[in-house]
1. Arranged by the count of other C-beta atoms within 10 angstrom, fewest first, what order do Val177, Val286 take?
2. Label Ser46 and Glu335 with points 7 Å out from Cα along Cα→Cβ: what is the distance between them in nm?
3. Mind putting together the pair-distance distribution for the range 122-340? All Cα pairs, 5 Å bins, whole percent per bin, short to long.
4. Local charge sum around Ser229 (other residues, Cβ-Cβ under 10 Å, Lys/Arg +1, Asp/Glu -1)?
5. Taking neighbour Cβ counts within 10 Å as the exposure measure, how do Tyr225, Tyr37 sort from fewest upward?
6. What is the spin-label model distance, in nm, from Ile73 to Glu148 if the labels are put 7 Å beyond Cα along the C-beta direction?
7. Work out the FRET efficiency for Asp184 and Thr235 from their Cβ-Cβ distance, taking R0 = 30 Å, and round it to the nearest 0.05.
8. Order of His137, His269 from fewest to most other C-beta atoms within 10 Å?
Amino acid sequence: MESLTSDDEAQLDAAIVDSLLSAPAHYQKKQRAELAYLRSQVALLSTHLDALASARYAPDVGHWERTARNQKIASQRAFIENTRLKRVLEDQLELAGALEKLLVKRPRLAALPLQDVADWKLRRLPSEPTRRAAAFHAMLDDAHTHLETLLVRTSILDAPIGHRRLSVHEVDDSIRVSMQSVADISKDFVACSDAIWSRWHGQLSASLPHVRMELIEDFGASGVYVQLSSSLDTTSHVPCVYIMYAIKRFIFQDRIVFVLKTVLEDVMHPPPPGQLVGNHNACILVQAAGANRTIRRMVVEGRLPAEAPQQNPLFHSPGRISDAVLKLLRSVFDELEATLS
């Protein structure tokens with residue numbers, strides 16, 4: 001039998017690829033219909049978004065209402081982009097599946113270069129001072145940039161004065177925690193924020209019997225890093241929940257915003273063993289509401305492991321771990337609410 005030349009093999013390979021990649025007629029018809037529908041949706045939503053973006057706000061529209069509208073516009077733009085990307089991804093998956101059939105030996109995939117990922121994206125504080133400070137500020141600046149998402153998602157800006165809510169429930173392998181509070185304080189907003197800021201510099205534990213705080217490090221005049229341990233027992237204080245909070249304040253003309261984000265890895269100050277280590281995101285908004293009057297809004301969202309290690313005090317508690325966490329956080333929430341008010 002006559003052997004194939006290199007040109008013949010190339011032509012054969014090309015024919016196989018064409019046969020695999022060419023879509024059947026009914027599939028092409030379906031693609032054209034989907035494409036026409038997607039284009040009509042893009043046109044409709046683009047018209048709607050342009051109308052929203054060009055609408056003039058009334059003079060009395062506040063900062064947070066504009067924030068909510070901007071968030072809505074951004075959400076709709078993201079929907080359009082996600083629709084387009086979904087179609088592109090489906091096409092790419094079909095192409096990848098066809099090419100995979102041609103591969104006799106799959107290439108060895110390179111490992112993900114985690115060492116090249118920025119420390120702040122991993123919420124990791126390295127030991128080298130310059131990198132440590134850079135990671136701290138980058139992490140909290142990013143959290144502040146995306147703060148609108150947290151405020152709109154939790155509807156904390158729409159909550160009335162006196163609003164209080166604590167929620168603890170299990171989802172898959174984690175315990176979801178949510179705290180919200182709104183208070184009217186008869187004090188200037190700058191003085192109110194100064195009082196809150198001083199709590200993070202050693203005056204918090206005295207007002208929270210269930211919490212012990214350690215000031216780890218200052219990062220400039222508006223950055224502080226603390227580690228909090230919480231315990232059901234206020235006498236012996238055997239810790240069970242551990243939070244490593246990076247905190248930064250952002251000062252504006254009529255409000256001061258405290259952004260809190262948990263560090264997930266600290267090379268110099270790792271959490272003690274056996275703890276339920278929290279993965280939290282929080283904000284305290286202190287806003288002027290007139291002469292010597294301040295509206296303080298607080299929102300916390302976080303996760304804890306649903307299973308406690310054997311050396312953790314909650315491991316031996318009767319019932320579910322989430323029930324014990326709710327009992328602990330109810331006490332902490334009441335104490336924190338009184339302190340911040």
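Values in this text are rule-based calculations from the coordinates and carry no lab data. Keep in mind the model is a prediction, meaning the values are calculated, not measured. Cβ placement follows ideal geometry from the backbone for every residue including glycine, while neighbour counts extend to all protein chains displayed.
1. Listing Val177, Val286 from fewest to most nearby Cβ atoms yields Val177, Val286.
2. Using points 7 Å along Cα→Cβ, the separation is 5.7 nm.
3. In order of increasing distance, the bins hold 1, 7, 14, 19, 20, 18, 12, 6, 2, 0, 0 percent.
4. On the way: positive: Arg212; negative: Glu214.
Every neighbour counted, the sum reads 0.
5. Working: Tyr225 22, Tyr37 10.
Taking fewest neighbouring Cβ atoms as first place, the list is Tyr37, Tyr225.
6. About 0.8 nm separates the two model spin labels.
7. The computed FRET efficiency comes out at 0.30.
8. Lowest to highest Cβ neighbour count: His269, His137.
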